[in-house]
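Working notes, structure below.
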Amino acid sequence: MINSKTKLMGIFGYPLQHSLSPIMHNKTLQKMGLNYCYVPLEVKPDDIGKAVEAIRFFDILGVNVTIPYKEKVIKYLDGLSPEAKACEAVNLIKNEGGRLVGYNTDGLGFVSGLEEAGVAIKGNVLIIGAGGAARAVGYSLAKKVQEILFLDIDKSKAQELALFIMNQTGTKSHGLEMNQDILNELKSWADIIINSTPVGMFPKVEDTPIDNLDGVKEHVVLCDLIYNPLQTKLLAMGQEKGLYTINGLPMFIHQGALTLKILTGEDPPIAFMKEVILNQMQQ
């Protein structure tokens, strides 16, 4: 129940009408017995600077940050975590007594999801896409794997990201232009394949970034960062091949759990968070 002692959290983004974060966090905070309220704060593009300043003004405990503000908020902050600094993107702002610090829990959330599933994080990683999600995931995986290869329709973007990862972590990385011929050559090379693009997301559920999975290793782990739908066409193709597949739900839940840990100092019930999201998606 909201009262004069309720502490405020939220999420900045535009638009936000489909965000699952508020229901996940509010139900989890209630389960934890904490007097917090998590609200969607839709911010128009010209107002993001004012919105960040409002965190101080209203003494908001912290806010998640989503599209299109993960990079744009950085110039308004007082400090960055090592992950946020390296990824040049923020998905969480914590108010530390008026000092605003940016965090990035996306990549760590992805790795936690793999570890929870018992996936051996090693060998060669193929990441389709070279955007913010690819950067966060690639950075968090880099020191655990042998080599990372980024594929993107924008070759220079893939190359720049690969160079960035190599400079930041020392892990061998390459960037190539995304096309089916190159993809066919790389399928037998990869131990983990990750789609970090929105291709296949609702409502365009028949789209897939890969035409087929012929030639992949038997033990390859196939990941899709999309969680709506839970089973993309890409993952369905993988399951037909008998591959181990992981959707974007574990990453979403674990980055949310890290958010609550950072803001409250307490460990949230991850299994409960998953239950909340699955129930919501079935409605």
Residue that is surrounded by the most Cβ atoms within 10 Å (Cβ to Cβ), among those in region 73-89 that are under 21 Å from the mean Cα position of the chain (by Cα), modelled with pLDDT of 95 or more and part of a loop (DSSP other than H, G, I, E, B):
73
Those residues that are assigned to a helix (DSSP H, G or I) and under 17 Å from residue 193 (Cβ atoms), I need them from region 139-164; list them, please.
140, 141, 142, 158, 161, 162
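Here's the yes/no breakdown for (1) closer than 30 Å to residue 98 by Cβ; (2) assigned by TED's automatic domain parsing to the domain that holds residue 32:
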site	(1), (2)
170	no, no
190	no, no
194	no, no
199	no, no
233	no, no
255	yes, yes
273	yes, yes
276	no, yes
Does region 247-261 include one or more residues that are at pLDDT 95 or above, farther than 30 Å from residue 60 by Cβ and surrounded by 15 or more Cβ atoms within 10 Å (Cβ to Cβ)?
yes
Mind listing just one residue for me: the one in region 174-202 that is under 20 Å from the mean Cα position of the chain (by Cα) and not aliphatic (A, V, I, L, M) and, of those, farthest from residue 144 (Cα to Cα)?
202
Scan region 167-220 for residues that are touching a residue at least 24 places away in the same chain (Cβ under 8 Å), outside any loop (DSSP other than H, G, I, E, B) and farther than 15 Å from residue 152 by Cβ and report the count.
5
Look at region 44-75 and say how many of its residues are farther than 23 Å from residue 85 by Cβ and of a type outside the set (Gly, Ala, Ser).
8
Please work out which one of (1) surrounded by 13 or more Cβ atoms within 10 Å (Cβ to Cβ); (2) in contact with a strand residue (DSSP E or B) (Cβ under 9 Å, 6 or more places away or on another chain); (3) more than 22 Å from residue 268 (Cβ to Cβ) is the condition residue 49 fails and give its number.
(2)
Region 112-138, subset part of a helix (DSSP H, G or I) and closer than 23 Å to residue 159 by Cα, residue modelled with the lowest pLDDT
132
One residue is enough: does region 47-56 have a residue meeting the conditions part of a loop (DSSP other than H, G, I, E, B) and of a type in the set (Val, Ile, Thr)?
no
Here are 113, 62, 129, 138: which of them is touching a His at 6+ places or on another chain (Cβ under 8 Å), crowded, with 19+ Cβ neighbours inside 10 Å and not acidic (Asp, Glu)?
113
The listed residue being outside the structural domain of residue 263 (by TED's automatic domain parsing) and either surrounded by 15 or more Cβ atoms within 10 Å (Cβ to Cβ) or more than 24 Å from residue 135 (Cβ to Cβ) (or both), out of 1, 32
1
Looking only at region 99-115, decide whether some residue is farther than 24 Å from residue 20 by Cα and not small (Gly, Ala, Ser).
yes
What residue, of 258, 249, 222, is over 30 Å from residue 29 (Cβ atoms) and of a type outside the set (D, E, K, R)?
222
Pairs returned, first residue in region 247-276 that is farther than 22 Å from residue 231 by Cα, second residue that is part of a helix (DSSP H, G or I) and of a type in the set (S, T, N, Q), beta-carbon separation under 7 angstrom, 6 or more apart or interchain, are 260/28; 268/28; 269/28
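The values are calculated or read from the model by the stated rules, or taken from the named source; none is laboratory data. Fair warning: this is a prediction, and the values are worked out from it, not measured in the lab. When we count neighbours, we look across all protein chains shown, and the Cβ atoms used for this are built from the backbone with ideal geometry, even at glycine.
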